[in-house]
């Protein structure tokens, strides 16, 4: 079994979803692994990874607005506000989603559904530089 590791950095413009499917696909191709899996891991506690529809951007906008209503920045019960009013909400949003995704690889390509894409979900209002670690395992 082969193991291939890499990392990528993504510059965000603030809250929202950022598709990284093409970048992850390029790393899978570079690995030379034909059959196996890729693990994608975001190295932050205020951003997450999601598999989401990538055909219609309105689906992602609806998700983003829903999260804004679910975890409000003006919650007076939050104590952890050292980095501003979006600090604790960003941590909660990350916990409610995922810090990693595992995607199967078959014949050198990720096995995603027709409308599935891999997205970094930025939960902070300000731009950030996000580090994403990837491990490709297989034959």
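Determine whether residue 48 is touching a helix residue (DSSP H, G or I) at 6+ places or on another chain (Cβ under 6 Å) and modelled with pLDDT of 95 or more. So residue 48 fits the description; yes. Suppose we keep only residues that are loosely packed, with under 14 Cβ neighbours inside 10 Å and touching a strand residue (DSSP E or B) at 6+ places or on another chain (Cβ under 8 Å) within the stretch 101-130. Which one would you say is nearest to residue 53 (Cα to Cα)? For the stretch 101-130, the residue satisfying everything is 115. Residues that are within 12 Å of the chain's Cα centre (by Cα), within 26 Å of residue 135 (Cβ to Cβ), outside any strand (DSSP E or B) and touching a residue at least 60 places away in the same chain (Cβ under 8 Å): does the stretch 90-103 have at least one? No: the stretch 90-103 contains no residue that is within 12 Å of the chain's Cα centre (by Cα), within 26 Å of residue 135 (Cβ to Cβ), outside any strand (DSSP E or B) and touching a residue at least 60 places away in the same chain (Cβ under 8 Å). Any chance the stretch 57-70 includes a residue that's at negative phi, assigned to a loop (DSSP other than H, G, I, E, B) and surrounded by 12 or more Cβ atoms within 10 Å (Cβ to Cβ)? No, there is no match, as no residue in the stretch 57-70 is at negative phi, assigned to a loop (DSSP other than H, G, I, E, B) and surrounded by 12 or more Cβ atoms within 10 Å (Cβ to Cβ).
Looking across 5, 21, 12, one residue alone is closer than 12 Å to residue 130 by Cβ, modelled with pLDDT of 95 or more and out of contact with any helix residue (DSSP H, G or I) (no Cβ under 7 Å at 6 or more places or on another chain). It is 12.
None of 31, 48 is under 17 Å from residue 131 (Cβ atoms), crowded, with 19+ Cβ neighbours inside 10 Å and touching a strand residue (DSSP E or B) at 6+ places or on another chain (Cβ under 7 Å) except 48.
The values are calculated or read from the model by the stated rules, or taken from the named source; none is laboratory data. The structure displayed is predicted, hence computed values, not measured ones. Heads up, the Cβs are rebuilt from the backbone with ideal geometry, glycines too, and the neighbour counts pull from every protein chain shown.
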